[in-house]
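The values are calculated or read from the model by the stated rules, or taken from the named source; none is laboratory data. Note that the structure is a prediction, hence the values are computed from the model and not measured. Cβ placement follows ideal geometry from the backbone for every residue including glycine, while neighbour counts extend to all protein chains displayed.
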Amino acid sequence: MRFVSSFVSEVAAVGDEIHVPISSDADIVIARQQGRALAERIGFAGGNLAVVATAISEVARNIVEYAKRGEIVLKPVNQGGRQGLTVMARDQGPGIPDIALAMQDGYSTAKGLGLGLPGARRLMDEFEIISKVGRGTTVTMKKWVR
């Protein structure tokens, strides 16, 4: 299954994963839409659909802002009888020199509000960030259906 738009990067389904290349604001919108649609198919409803879309938007925005290009990978997860969604944002950008500092509310190197990563962490049930300076960053988040 492939999703194609002439205005944005190609979105591809690989097995049960959806891969959304990220390099522009238009790609962020596509990632949000794809994530929301997959979350709905998994069983999320109401406000949790907005929560998932917002978390995706936050990590995708960081890719565009800092790494210029990367990808969002969306995947259903079934663990211990629970259904959920895994969102992975990965890039090969400059990396984050101080993850603890980057995870503090209000910290921003781009003179923004500094809500991206800490905000995404609050919205999701599980959050992990791995970053190597000069090699890139991978953020993995999970949200469970209640």
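General observations
- Taking region 77-98 as the range and being in contact with a helix residue (DSSP H, G or I) (Cβ under 9 Å, 6 or more places away or on another chain) and under 18 Å from Ala45 (Cβ atoms) as the test, the residues that pass are Val77, Gln83, Gly84, Leu85, Val87.
- Residue check for Ala26: of a type in the set (A, V, I, L, M, F, W, C), at pLDDT 95 or above and closer than 18 Å to Lys143 by Cβ: no
- Ser6 being hydroxyl-bearing (Ser, Thr, Tyr) and modelled with pLDDT of 95 or more: no
- Candidates Val77, Val145, Val139: the one that is among the aliphatic types (A, V, I, L, M), buried (at least 18 other Cβ atoms within 10 Å of the Cβ) and in contact (Cβ under 8 Å) with a residue 40 or more places away in the chain is Val139.
- Among the candidates Gly106, Gly136, Gly95, Gly70, the residue that is closer than 24 Å to Ala37 by Cα and small (Gly, Ala, Ser) is uniquely Gly70.
- Total residues in region 45-72, condition more than 11 Å from Asp25 (Cα to Cα), β-branched (Val, Ile, Thr) and assigned to a helix (DSSP H, G or I): 5
- Only one of the listed residues (Asp98, Asp91, Asp16) is surrounded by 18 or more Cβ atoms within 10 Å (Cβ to Cβ) and either in contact (Cβ under 8 Å) with a residue 24 or more places away in the chain or closer than 17 Å to Thr138 by Cβ (or both). That residue is Asp91.
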